[in-house]
1. Could you state how much accessible area Thr252 has, in square angstrom rounded to the nearest 10, with a 1.4 Å probe and all protein chains kept in place?
2. Quick check for you: with a 1.4 Å probe and neighbouring chains kept, what is the accessible area per residue of the chain, in Å²?
3. Among the listed pairs Lys56/Lys183; Lys160/Lys218; Lys121/Lys183; Lys56/Lys173, which have their C-alpha atoms separated by more than 27 angstrom in this model?
4. Once every DSSP H run of n ≥ 4 in the chain is given -39500 (n - 2.57) and the sum is divided by its residues, what mean residue ellipticity at 222 nm do you get, rounded to the nearest 500 deg cm²/dmol?
5. Report, in debye and to the nearest 20, how large the dipole of the chain comes out about its Cα centre when Lys and Arg carry +1 and Asp and Glu carry -1 on their Cβ.
6. On the Cα set of the stretch 110-195, report Rg and Dmax in Å, please.
7. Could I get the Rg over Rh figure for the stretch 220-264? Both from C-alpha atoms, Rh via Kirkwood, rounded to two places.
8. What's log10 of I(q)/I(0) for the chain at q = 0.12 Å⁻¹, Debye sum over Cα points only, no solvent?
Amino acid sequence: GNFGMLVVALLDGSVDVSGILRAMAATTAARGGQSGGIVTVMPDGSSVRERHVPTKRSDIAAGLVSGFVRKMRVRAASLMFRAHAKPSCSFFLGHTRFATSSAPTVQESHPHRFSDPQRVKIWRRHALGWEHQAEVHEVFATHNGDLDYWPLFGVQRTQKELGAWLGRVLHRKSPIAGCDSVKVAGIIELLRTQGVWCLSLRLAAQQAASPSFDATLKGEGGPFLHQGALAEAAGVADRAFADYVAKGGDLTGASDISAFSAILGQALSSQCHSLTSFFSSHGSSSLGEFSNKSVVNFVSNDLFSALSHFLSDAHGSFGISTCCTLDRNA
């Protein structure tokens, strides 16, 4: 079962975080306690995740929470030597399970993360304008239920097919857990793109070009299956956007999105030859369409939108909680 809490006054000592987490874990473990996990995001945007498989007759709630709190204290101590603003609130997502679709191992336990941590450049709009910084990007999900199918380009795909496809598109090189829930985390990771050009471009490539499922599995689904090509295009987009906002540009309305889509398309056309070649040979879509979808993804696809998109198309049963390290104050 899923459990979690949102704490507004965490740092003043008024909330017994470990006691509340332990009580919630013990409650959900009543319907399945062969393994469990908890995750939170620290003020610097780094995650702390503990996953625990208890020994026979041991207390899963006590073991899980004590391991989690120990990790969190170590991370918090390291942050004392750095300047990080306190978050407006803190959240904790947890899950305990009875192993039905996969073995009760640490790898198969929630919260799940499809991809390893990666550093990305994220843009945010503040009162004085747009600013960017490099941050660690991770997406976690806990899930009760079953993911039966999710559509790719009009075809319903099983969770095993989705795992193979996501591995290519998200550049996952190491083996993933066999359960369906890790694919839920992967889909949300693909769809949550707001403020990050490399993520927005990656999703737009699938939306605009719709490369075939088989071609993608063979590594032939477009230039962005190669991380170097994606990084090159993201660099072009970041530079074009920095120049655009430095001249007073914004992305607050449809006309702004249209204007910057044209600028982005011209920049990609002149500087990313592999991308230009791909779209020129792909008659069903254009670089202009790709640029527009990239900008819309950059503006609109926050974590809530990503989860809503996933659920609107998914077939199965779902009780889901999810978080992203880029949205620690959301």
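1. Roughly 100 Å² of Thr252 is accessible to a 1.4 Å probe.
2. Per-residue accessible area for the chain comes out at 45 Å².
3. Lys56/Lys183; Lys56/Lys173
4. Value at 222 nm, helices only, nearest 500: -13500 deg cm²/dmol.
5. Magnitude of the dipole: close to 960 debye.
6. Using the Cα atoms of the stretch 110-195, the pair Rg, Dmax is 14.9, 46 Å.
7. Numbers: Rg = 12.9 Å, Rh = 11.7 Å.
We get a ratio of 1.10 for the stretch 220-264.
8. Log-scaled intensity ratios, in q order: -0.88.
The values are calculated or read from the model by the stated rules, or taken from the named source; none is laboratory data. The shown structure was predicted, so the numbers you read here are calculated from the model rather than taken from an experiment. All Cβ positions, glycine included, derive from the backbone under ideal geometry; neighbour counts span all protein chains shown. For the accessible areas, the whole protein counts, side chains as well, though only heavy atoms, and no ligand, DNA or RNA atoms are used. Shrake-Rupley method; radii C 1.70, N 1.55, O 1.52, S 1.80 Å.
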